[in-house]
Amino acid sequence: MFTTIISAEELQNHISESDWVVFDCRFNLADTSAGKNAYLDGHIPGAIYLDLDHDLSSPITLETGRHPLPDLERFVDRLAQAGVSNNSQVVVYDDCAGAMAARCWWLLRLVGHKAVAVLDGGLAAWQSLGGELNDHIPQPTSTAYTFSLLPNQNLTVAEVEQALDAQSIYLVDARAAERYRGEVEPIDPIAGHVPSALNRPLTDNLAEGKFKPAAQLREEWLSVLGSKSVEAVVHMCGSGVTACHNQLAMEIAGLSGSRVYSGSWSEWIRDPARPIATKS
């Protein structure tokens, strides 16, 4: 069972097995149709496309961030339509070092599916080994997938506020350092970060487009956390997508037990009464 990442070599060894399901999660925040178009042009054979906006999120409201959680029953129905069973090994990939695919990885874990892994190095790693692409759209047989939601894996904004007041959690922000510091903000209307949040850009998890070795990730994350317990860590980012990349990195490092604040910065700033900070 693969539960964190999987190499392109390992995927090539197993991809023809009937109980393996592959999802293409390519997405571009600046051009929301680019991922689907790229999938239609060519994808890993048998892969099914999941759209960040339509499959991995729900519609935005006046109170939410930019990528609210999908309705989980609807998400599970989508998995069943794609042929995922409770015994399936799921592999998810993108073309940006797992930044988008990690959201799908986290959602599958949220609904209790342990056998899900991100393709390390993404589509580029697959192609570097001579892996073919095709434009055939699979027509999978639906399954009767059942799920068991894991409790307390995602925090609401109210829970985050209460826990910050009680000093019982430590937020870790996955955005680039300049966004965290409030020097630039290309997406959201307000720049800065949640006061007391730490910064660990998701790019720090990577070396040459792949995740760093587990031992190195462990050393680096323990340096970031200091004496803070892993169970008190809550990951955030701009909209709850790349936060999952940091949780994945901690899982690779053997540091299990952190959680996610899926609303993240774009939800936090919806209420002007919530404090913000700039600089480090």
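The values are calculated or read from the model by the stated rules, or taken from the named source; none is laboratory data. Keep in mind that this is a model prediction, so the values were computed, not measured. Note that each Cβ is placed from the backbone with ideal geometry, even for glycine, and that neighbours are counted across all protein chains shown. All accessible areas refer to the heavy atoms of the entire protein, side chains included, with ligands and DNA or RNA removed. Shrake-Rupley method; radii C 1.70, N 1.55, O 1.52, S 1.80 Å.
Listed by position, the strands (runs of 3 or more DSSP E) enclosed by region 7-126 that each have at least 2 residues that are more than 15 Å from the chain's Cα centre (by Cα) are 20-24.
Only one of Glu267, Glu231 is open to solvent by 10 Å² or more (accessible area, probe 1.4 Å), over 24 Å from Asp94 (Cα atoms), part of a helix (DSSP H, G or I) and touching a residue at least 60 places away in the same chain (Cβ under 8 Å). Can you tell me which?
None of the others qualify; the one that does is Glu267.
For region 242-254, filtering for residues that are out of contact with any Leu (no Cβ under 7 Å at 6 or more places or on another chain) and open to solvent by 10 Å² or more (accessible area, probe 1.4 Å) leaves 2.
Annotation: of all residues in region 183-195 being under 29 Å from Asp165 (Cβ atoms) and out of contact with any strand residue (DSSP E or B) (no Cβ under 7 Å at 6 or more places or on another chain), the one that is least open to solvent (accessible area, probe 1.4 Å) is Asp188.
Pairs meeting the criteria (first residue in region 193-205 and under 19 Å from Ser266 (Cβ atoms), second residue open to solvent by less than 10 Å² (accessible area, probe 1.4 Å) and of a type in the set (Asp, Glu), beta carbons under 6 Å, at least 6 apart or on different chains) are His193/Asp173; Ala197/Asp173; Asn199/Asp173.
To keep it simple, each residue is scored yes or no on (1) within 14 Å of Leu107 (Cα to Cα); (2) surrounded by fewer than 18 Cβ atoms within 10 Å (Cβ to Cβ).
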{"residue": "Asp31", "(1), (2)": "no, yes"}
{"residue": "Ile44", "(1), (2)": "no, no"}
{"residue": "Tyr49", "(1), (2)": "no, no"}
{"residue": "Thr64", "(1), (2)": "no, no"}
{"residue": "Pro68", "(1), (2)": "yes, no"}
{"residue": "Glu73", "(1), (2)": "yes, yes"}
{"residue": "Leu79", "(1), (2)": "yes, no"}
{"residue": "Val84", "(1), (2)": "yes, no"}
{"residue": "Gln89", "(1), (2)": "no, no"}
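List every residue pair whose Cβ atoms lie under 8 Å apart, where the two residues are 6 or more positions apart in sequence or sit on different chains, the first residue falls within region 25-38 and is of a type in the set (D, E, K, R), and the second residue, located anywhere, is open to solvent by 60 Å² or more (accessible area, probe 1.4 Å) and assigned to a loop (DSSP other than H, G, I, E, B). What qualifies is Arg26/Asp95. Screening Val116, Val111 for residues that are touching a residue at least 24 places away in the same chain (Cβ under 8 Å) and over 28 Å from Asp204 (Cβ atoms) leaves exactly one candidate, Val111. The residues of region 108-124 that are within 21 Å of Lys210 (Cα to Cα) and open to solvent by less than 10 Å² (accessible area, probe 1.4 Å), listed by number, are Val116, Ala117, Val118, Leu119, Gly122.
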